[in-house]
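A.B. asks: Would you mind keeping the following structure in view while I ask a few things?
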Amino acid sequence: MLIAGLRLWIAGTNAWVVSATGDGGECVLVDAPPDPGAVVRHLDEHGLRLVALLATHGHVDHIGGVGELSRAQGHDVPVRIHDHDRHMLLDPIGTSGTLGQILDYEDLDLRPPELLSGLDDGERVSGAGMTFTAIHTPGHTQGSTCFLLEADGEPPLLFTGDHLFAGSIGRTDLPGGNHAQLMASMVEKILPLDDAVQVLPGHGDTTTIGKERATNPFLLELRQP
């Protein structure tokens, strides 16, 4: 399995390229920052064909490149995002405040993808010979979704977007954010996962559920009586 994390744009957003077969095969992209050219160059260098794009949530640093990448290789790539964040993907400039205004000066194709579908909690999404389970984790945004990938012979992978980071959690002071809701999502959806699950976040370094359970100050607060 090939997994590449491309740290892109001014927010240092991780775009995760995932392929079950490695170079020369099909791949899935988790999140598409507003730097589609860097993603296309990576795909071309490794001979990869993008067949599905999963968005963890609708903030522009995660979806600003979706429209362009969905058409970049000469075929329409299906895009999945939770319905609660769909409006952000349809209007990335108008829904993203200051960051959205920066996009006015960039040469980006911000037209929505032709193949755009919603996501349900627990839905299994297939692409490139892999199946991802969508885990709806509202709090950072109302449509925030983590994606769990389980493959034979590999440790489970959890793409957390801006829900859970190494040593931290997503901010909740933006429109649609709710700290209590985020922590409830953490308790109900994330902490029940096995310690061995690898966490691939939307920003920063990778970690594991076990490490975050033991050291993340926000998760340690959940243990307090």
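A.B. asks: Go through segment 43-83 and give me each residue that's more than 13 Å from Ala32 (Cβ to Cβ) and acidic (Asp, Glu).
C.D. replies: Asp44, Glu45, Asp76, Asp83
Conditions (1) surrounded by fewer than 24 Cβ atoms within 10 Å (Cβ to Cβ); (2) of a type in the set (Gly, Ala, Ser); (3) modelled with pLDDT under 95, marked per residue:
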| residue | (1), (2), (3) |
| --- | --- |
| Ile3 | yes, no, no |
| Leu6 | yes, no, no |
| Ile10 | yes, no, yes |
| Cys27 | no, no, no |
| Asp44 | yes, no, no |
| Ala55 | no, yes, no |
| Gly58 | no, yes, no |
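A.B. asks: So, one more: Looking at segment 128-175, which of its residues are touching a residue at least 60 places away in the same chain (Cβ under 8 Å) and on the phi > 0 side of the Ramachandran plot?
C.D. replies: Once the filter is applied, which keeps residues that are touching a residue at least 60 places away in the same chain (Cβ under 8 Å) and on the phi > 0 side of the Ramachandran plot, segment 128-175 yields Ala128, Gly129, Gly161.
A.B. asks: On the basis of being over 19 Å from Leu148 (Cα atoms) and either in contact (Cβ under 8 Å) with a residue 24 or more places away in the chain or not in a loop (DSSP other than H, G, I, E, B) (or both), does Ala52 make the cut? Step through it out loud before you land on a result.
C.D. replies: Numbers: over 19 Å from Leu148 (Cα atoms): no; either in contact (Cβ under 8 Å) with a residue 24 or more places away in the chain or not in a loop (DSSP other than H, G, I, E, B) (or both): yes.
Here the answer is no, as Ala52 does not meet what is asked.
A.B. asks: Answer yes or no as to whether Leu148 is of a type in the set (A, V, I, L, M), buried (at least 23 other Cβ atoms within 10 Å of the Cβ) and within 24 Å of Ile63 (Cα to Cα). Write out each step before concluding.
C.D. replies: On the way: of a type in the set (A, V, I, L, M): yes; buried (at least 23 other Cβ atoms within 10 Å of the Cβ): no; within 24 Å of Ile63 (Cα to Cα): yes.
It is false that Leu148 is of a type in the set (A, V, I, L, M), buried (at least 23 other Cβ atoms within 10 Å of the Cβ) and within 24 Å of Ile63 (Cα to Cα).
A.B. asks: Can I ask one more? Filter segment 152-195 for residues that are modelled with pLDDT of 95 or more, acidic (Asp, Glu), surrounded by fewer than 23 Cβ atoms within 10 Å (Cβ to Cβ) and within 23 Å of Ile81 (Cβ to Cβ) and give the result.
C.D. replies: Glu188 - this is the single residue of segment 152-195 that is modelled with pLDDT of 95 or more, acidic (Asp, Glu), surrounded by fewer than 23 Cβ atoms within 10 Å (Cβ to Cβ) and within 23 Å of Ile81 (Cβ to Cβ).
A.B. asks: Scan segment 22-49 for residues that are in contact with a Gly (Cβ under 7 Å, 6 or more places away or on another chain) and among the β-branched types (Val, Ile, Thr) and jot them down.
C.D. replies: The answer is Val28, Val39.
A.B. asks: Here's another thing I want to ask about it. Ala72 - would you say it is part of a loop (DSSP other than H, G, I, E, B), more than 15 Å from the chain's Cα centre (by Cα) and more than 26 Å from Lys189 (Cβ to Cβ)? Please lay out each step first, then the result.
C.D. replies: Numbers: part of a loop (DSSP other than H, G, I, E, B): yes; more than 15 Å from the chain's Cα centre (by Cα): yes; more than 26 Å from Lys189 (Cβ to Cβ): yes.
Criteria met by Ala72.
The values are calculated or read from the model by the stated rules, or taken from the named source; none is laboratory data. Every value quoted in this text rests on a predicted model; they were computed, and no experiment measured them. Cβ coordinates were reconstructed from backbone atoms using ideal geometry, including for glycine residues, and neighbour counts include every protein chain displayed.
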